[in-house]
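Peer 1: What follows is a single structure, and I will ask about it in a moment.
The values are calculated or read from the model by the stated rules, or taken from the named source; none is laboratory data. Quick caveat: nothing in here was measured; it's all calculated off a predicted structure. Note that each Cβ is placed from the backbone with ideal geometry, even for glycine, and that neighbours are counted across all protein chains shown.
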Amino acid sequence: MVVRYINAQIQNPQVNQNSKSSALSQTFFNRNELNQILSIYGKKVSEGKWKDYAIDHLEASAIFSFFRNTFESASLKIVKHKRVSKSKLKYHLVSSSGSDIKRSNELDLIINYLNKANLEVIKK
């Protein structure tokens, strides 16, 4: 298992004296969201498409990354943003290049897209 840190301050939470206050300011996936994401992840693992995942919790977003191989970059990411305004969508499905594939305020629409879409990583 490989652990990747997006933010250097997250590497050692015991050093941070304000760990309770910083944990409260971070964005998290709730239990229902994780159940939905992990169910699609399990399905794709059984199909041999994904082999690893990572979850990152930042102040403005939570990121669930899907990996084809442990040592590659994430092939897809589900990003949950904090709801800042009504016009900003909460969930984004992001490709490995960083472009948005699908956006929605409901995680169900993102999961349904992953179930129906035959997504393949193409190397140039």
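Peer 1: Counting just the residues of the stretch 20-38 that are part of a loop (DSSP other than H, G, I, E, B) and among the polar types (S, T, N, Q), which one comes out modelled with the highest pLDDT?
Peer 2: Among those residues, the one meeting the criterion is Asn30.
Peer 1: Next question. Residue by residue through the stretch 99-116, note down the ones that are in contact with a helix residue (DSSP H, G or I) (Cβ under 6 Å, 6 or more places away or on another chain) and loosely packed, with under 11 Cβ neighbours inside 10 Å.
Peer 2: none
Peer 1: Could you list, in sequence order, all residues of the stretch 52-88 that are surrounded by 14 or more Cβ atoms within 10 Å (Cβ to Cβ) and either of a type in the set (Phe, Trp, Tyr) or not in a strand (DSSP E or B) (or both)?
Peer 2: The answer is Tyr53, Leu58, Phe64, Phe66, Phe67, Arg68, Ala74, Ser75, Lys82.
Peer 1: If a residue has to be within 19 Å of Asp108 (Cβ to Cβ) and not aromatic (Phe, Trp, Tyr) to count, how many in the stretch 32-60 make the cut?
Peer 2: Result for the stretch 32-60: 12.
Peer 1: Looking at the stretch 50-61 only, could you name the residues that are touching a residue at least 24 places away in the same chain (Cβ under 8 Å) and either out of contact with any helix residue (DSSP H, G or I) (no Cβ under 7 Å at 6 or more places or on another chain) or not hydrophobic (A, V, I, L, M, F, W, C) (or both)?
Peer 2: Listed by number, the residues that qualify are Asp52, Ala54, Ile55, Asp56, His57, Leu58, Glu59, Ala60, Ser61.
Peer 1: Any residue at all in the stretch 39-48 that's over 9 Å from the mean Cα position of the chain (by Cα), assigned to a strand (DSSP E or B) and buried (at least 16 other Cβ atoms within 10 Å of the Cβ)?
Peer 2: No - not one qualifying residue is present in the stretch 39-48.
Peer 1: Of (1) at pLDDT below 90; (2) touching a Lys or Arg at 6+ places or on another chain (Cβ under 9 Å), Gln17 satisfies all except one. Which?
Peer 2: (2)
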